[in-house]
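K.L.:
I am attaching a structure below and will ask some questions about it afterwards.
The values are calculated or read from the model by the stated rules, or taken from the named source; none is laboratory data. This structure is a prediction, so every number in the text was calculated from the model and none was measured. Cβ: placed from backbone, ideal geometry, glycine included. Neighbour counts: every protein chain shown. Accessible surface areas use protein heavy atoms only, side chains included; no ligands, DNA or RNA. Shrake-Rupley method; radii C 1.70, N 1.55, O 1.52, S 1.80 Å.
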Amino acid sequence: MLISQVELPVSDAVQAARFYGDVLGLPTRTGDGVVEVEIGPSALLLHPGPVAPGAYHCAITVPEDRFAEAKAWLQERVSLLQRDGLDEFALGAPWNSQSLYFAGPDGILLELIARHDLAARSWSGRFASADLLRISEIGLAVPDVPTAVES
């Protein structure tokens with residue numbers, strides 16, 4: 001799935017721009033209080049607004065054959081989240097993927113995901129932010145999932 005645009009609130013747009021631009025090295029533009037982060041063909045639009053730490057999840061696809069390089073690149077920039085001493089998570093059907101998780105501004109749960117069902121690509125050179133392919137998932141925490149789905 002290609003997600004072309006996602007809009008999320010942030011408590012501090014300047015701080016968010018620094019994280020995505022300076023820490024992750026992604027192209028960012030700021031205008032009218034909104035930060036636009038370019039992730040391949042996807043745009044993450046961050047605007048001032050009320051936030052609930054941990055309420056959002058955003059997955060970014062990385063090339064399946066460069067997962068180890070993506071992990072090393074990410075570890076140079078942020079701390080990976082762990083569960084039971086693990087920082088890599090393999091998911092079976094329907095995802096068939098390998099993932100890493102880390103915290104972004106305002107507690108957004110960010111994920112790098114390598115989907116094994118996507119065609120591998122030939123790459124050369126050191127992994128960089130330009131190798132992040134696109135936003136591939138967005139999740140919103142809600143107190144009552146069935147009611148949210150119904151509405």
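K.L.:
Trypsin sites (Lys or Arg not before Pro), restricted to segment 31-100: which are DSSP loop and have at most 15 other Cβ atoms within 10 Å?
P.N.:
77
K.L.:
Note down, for segment 4-58, the three equivalent ellipsoid semi-axes (square root of 5 times each alpha carbon gyration tensor eigenvalue), biggest first, whole angstrom.
P.N.:
One finds semi-axes of 16, 13, 11 Å for segment 4-58.
K.L.:
Counting only Cα atoms, I'd like the Rg/Rh figure for segment 27-101, Kirkwood definition for Rh.
P.N.:
1.01
K.L.:
Expressed in whole Å with the largest first, what are the equivalent ellipsoid semi-axes of segment 65-128 derived from the C-alpha gyration tensor as the square root of 5 times each eigenvalue? Each step should come with its number before you reach the end.
P.N.:
Numbers: eigenvalues 79, 56, 21 Å².
Equivalent ellipsoid of segment 65-128: 20, 17, 10 Å, largest first.
K.L.:
Follow-up. Carbon and sulfur: what percent of the chain's accessible surface (1.4 Å probe)?
P.N.:
53
K.L.:
Another one. Report, in deg cm²/dmol and to the nearest 500, the calculated mean residue ellipticity at 222 nm for the chain, where each DSSP H run with n ≥ 4 adds -39500 (n - 2.57) and the sum is divided by the residue count.
P.N.:
When only DSSP H runs of four or more count, the value is -3500 deg cm²/dmol.
K.L.:
Taking a temperature of 20 °C and a viscosity of 1.002 mPa s, what whole-number D in µm²/s does Stokes-Einstein yield for segment 12-139 with Rh from Kirkwood over alpha carbon pairs?
P.N.:
The Stokes-Einstein estimate is 141 µm²/s.
K.L.:
In Å², what does the accessible area per residue of segment 13-127 work out to with a 1.4 Å probe?
P.N.:
51
K.L.:
Moving on to the next point. Share of antiparallel DSSP beta bridges in segment 56-151, in percent to the nearest 5?
P.N.:
Close to 75 percent.
K.L.:
Could you give the length gained by full extension between residue 12 and residue 52, i.e. 0.36 nm per residue of separation minus their alpha carbon distance, to one decimal place?
P.N.:
Full extension of this stretch gives 13.1 nm more.
K.L.:
May I ask which residue of 96, 6, 141 lies farthest towards the positive end of the charge dipole of the chain, with charges of +1 (Lys, Arg) and -1 (Asp, Glu) on Cβ and the Cα centre as origin?
P.N.:
Farthest towards the positive pole: 96.
K.L.:
For 29, 18, what's the largest-to-smallest order of accessible area, 1.4 Å probe? Working shown, then result.
P.N.:
Details: 29 115, 18 140 Å².
Heavy-atom accessible area, descending, gives 18, 29.
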